[in-house]
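The values are calculated or read from the model by the stated rules, or taken from the named source; none is laboratory data. Quantities reported herein were computed from a predicted structural model and do not represent experimental measurements. Don't worry about glycine lacking a Cβ; one is built from the backbone with ideal geometry, like all the others, and counts go over all protein chains shown. Side chains are part of the model used for accessible areas, which takes the heavy atoms of the whole protein and leaves out ligands, DNA and RNA. Shrake-Rupley method; radii C 1.70, N 1.55, O 1.52, S 1.80 Å.
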Amino acid sequence: MDIRPVSYDHPDAVKLNAEVQAEYVERYGEADLTVMDPAHFEPPRGLYLLAYDAQGRPVASGGWRSQERGEEGHSDGDAEIKRMFVVREARGQGLARRILAALEDSARAAGRVRMALETGTEQPEAIALYTSSGYAPVPKFGLYRFEESSRCYAKPLV
């Protein structure tokens, strides 16, 4: 697997984002309405990664963007994980764990103090990944903080 940084609006990222949105519709009945801008993921205030298989196909994604304390409930120094996704045929190979580790390293190097994320009850495999990687439940933040199915987790980076 080849994991490389790309822009959030790179054609391969757009392709995988469409797939993850389709999966959200399957699981939750609607796409994620969180506002995302390619500038959010530009280093040093963020990073977006894609994993490519041996045939050069994009098979996994994940990014982080800087967040600070505000009305949506983030904390100062947060690196918010967004768009962690592995295509169905590539699941079970440890790709999400590899991308997550790379995102944590990048955010730590950028001076972020905490990785934070929001997921939902319809993504038990995501919850299992994060909890097995040292993430603990935290007060809800973000667009879906008032939704019953929302779950938020965080992990200190320092």
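Is any residue of the range 1-43 close enough, with backbone N under 18 Å, to a label point placed 7 angstrom from the Cα of Arg57 along the Cα-Cβ axis, and if so, which? Under 18 Å, as judged by backbone N against the label point of Arg57, lie 1-4, 11-23 of the range 1-43. Site pair Glu122 and Ala18 shows an inter-label distance of 2.1 nm when each label is modelled 7 Å from Cα along Cα→Cβ.
Ligands, DNA and RNA are left out, and with a 1.4 angstrom probe the accessible area of the chain is 50 Å² per residue.
Relative to the Cα centre, the charge distribution of the range 8-145, modelled as +1 at Lys and Arg Cβ and -1 at Asp and Glu Cβ, gives a dipole magnitude of about 380 debye. Computed from backbone phi with θ = phi - 60° and the Karplus coefficients 6.51, -1.76 and 1.60, the 3J(HN,Hα) list for the range 96-103 is 4, 5, 5, 5, 4, 4, 5, 5 Hz; x is used for glycine and proline. Ignoring any ligand, DNA or RNA, what whole percent of the accessible area of the chain comes from carbon and sulfur when the probe is 1.4 angstrom? Its accessible area is 54 percent carbon and sulfur atoms. Residues within the reach of a label modelled at Met36 (point 7 angstrom out along Cα to beta-carbon, backbone nitrogen below 20 Å), restricted to the range 102-141, are 102-107, 115-130, 141. For Lys155, a cut-off of 17 angstrom between C-alpha atoms picks up these lysines, skipping any fewer than 8 places away in its own chain: Lys82, Lys140.
The structure shown yields semi-axes √(5λ) of the Cα gyration tensor in Å, and of the options (i) 30, 26, 14; (ii) 22, 18, 15; (iii) 29, 19, 16 that calculated value carries the label (ii).
Where does the chain land at 222 nm, in deg cm²/dmol rounded to the nearest 500, when only DSSP H runs of n ≥ 4 count, each adding -39500 (n - 2.57), divided by all residues? Mean residue ellipticity at 222 nm (helix-derived): -8500 deg cm²/dmol. Relative contact order, whole percent, for the range 66-139 stands at 29, derived from Cα pairs under 8 Å and 6 or more residues apart.
Averaging sequence separations of C-alpha pairs under 8 Å and six or more residues apart, then dividing by the length of the chain, give the relative contact order as a whole percent. Averaging sequence separation for qualifying contacts and normalising by length gives 19 percent for the chain. Taking 0.36 nm per residue of sequence separation and removing the Cα-Cα distance, the Arg45/Lys140 pair yields an extension gain of 32.0 nm.
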